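A.B. asks: Encoded as structure tokens, here's the structure I'll be asking about.
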Amino acid sequence: MAIQITNNGASIKIVNGAQVRNIMKNQILEIVVVKSNIVKIDIGKGALYNVFIPFADVTAPVTADAEALKEAINEFLAANVTAGTATEAKQIIEIEKLSALSSTADSIKNAVSSLDNKIFFEPVMVDESNPNVIYKGFASPAANGADAVWAIQRVSINAEVCSYQWADGNKNFDNVWNDRATLIYA
């Protein structure tokens, strides 16, 4: 009966007529030739679990002898190593990626939680010292005026028309309240 042995990714597939057997590569302990014409695949669970393959019945892969068949099956195992199995170097790369992802997630979490404390409906500070300009500062209630944690709005009044502009032209919390008069608004 014709036997075909193929590399099936994480396993070696052995087809013997209607019978199909997949042996996980990580279970294979040893591949040896016995009695010069039989290839034994030892999966380490005792003699009854070993797979014995008569060389004369194998139609794929085509090899010259049982020793060459053993080497072809060993190449299937080696191909798995180069085709993406876990290695220490790959694990280190993945750990670095996960650490970077965790750091990014923490940054996003911190930004979102800090936004929860900054309510745009009511400014934390209001400067009405100039009758034609009002500055409104939005930040966390405990924010220091010297820290770059403010979103600052300028309301300009000209001929009874109000113009609303933000420092740096955006609502980002990256301005210093104490510098409100010298910032650029758009």
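A.B. asks: Over 27 Å between Cα atoms: which of Lys13/Lys45; Lys45/Lys97; Lys97/Lys171; Lys70/Lys90; Lys40/Lys90 fall into that group?
C.D. replies: Pairs exceeding 27 Å: Lys45/Lys97; Lys97/Lys171; Lys70/Lys90; Lys40/Lys90.
A.B. asks: Measure nothing but the geometry: give the 0 to 90° angle between the long axis through the Cα atoms of 88-116 and the longest principal axis through the Cα atoms of the chain, rounded to 10°.
C.D. replies: Here the helix axis deviates by roughly 30 degrees.
A.B. asks: Once P(r) over Cα pairs in 10 Å bins from 0, in percent is worked out from the coordinates, which option in [x] 10, 38, 38, 12, 2, 0; [y] 8, 23, 13, 8, 7, 7, 10, 13, 9, 3, 0; [z] 10, 38, 35, 15, 2 does it equal?
C.D. replies: Entry [y].
A.B. asks: Let me see the P(r) profile for the range 3-82: every Cα-Cα distance counted, bins of 5 Å, each bin given as a percent of all pairs.
C.D. replies: Taking every Cα pair in the range 3-82, the percentages come to 3, 16, 29, 29, 19, 4, 0.
A.B. asks: Neighbouring Cβ atoms within 10 Å as the yardstick, rank Arg154, Arg21 fewest first.
C.D. replies: In order of increasing Cβ crowding within 10 Å: Arg21, Arg154.
A.B. asks: In degrees from 0 to 90, rounded to the nearest 10, what is the angle of the helix 66-82 Cα long axis to the longest principal axis of the chain?
C.D. replies: 0
A.B. asks: Further, regarding this structure: Considering only DSSP states other than H, G, I, E and B, which trypsin sites (Lys or Arg not before Pro) in the range 25-56 qualify as loop sites with at most 12 other Cβ atoms within 10 Å?
C.D. replies: For trypsin sites (Lys or Arg not before Pro) across the range 25-56 that sit outside H, G, I, E and B with at most 12 neighbouring Cβ atoms in 10 Å, the list reads Lys35, Lys45.
A.B. asks: Would you mind classifying the range 125-179 by shape? Square roots of the alpha carbon gyration tensor eigenvalues, ordered a ≥ b ≥ c; an a/c under 1.5 is rounded, otherwise it is prolate if a/b is larger than b/c and oblate if not.
C.D. replies: Prolate is the answer for the range 125-179, as a/c is 1.5 or above and a/b outweighs b/c.
Taken together, the values in this text are just the output of simple stated rules run on the coordinates, not laboratory data. Computed from a prediction, not measured in an experiment: that's the story for all the values here. We place every Cβ from the backbone using ideal geometry, glycine too, and count neighbours over all the protein chains shown.
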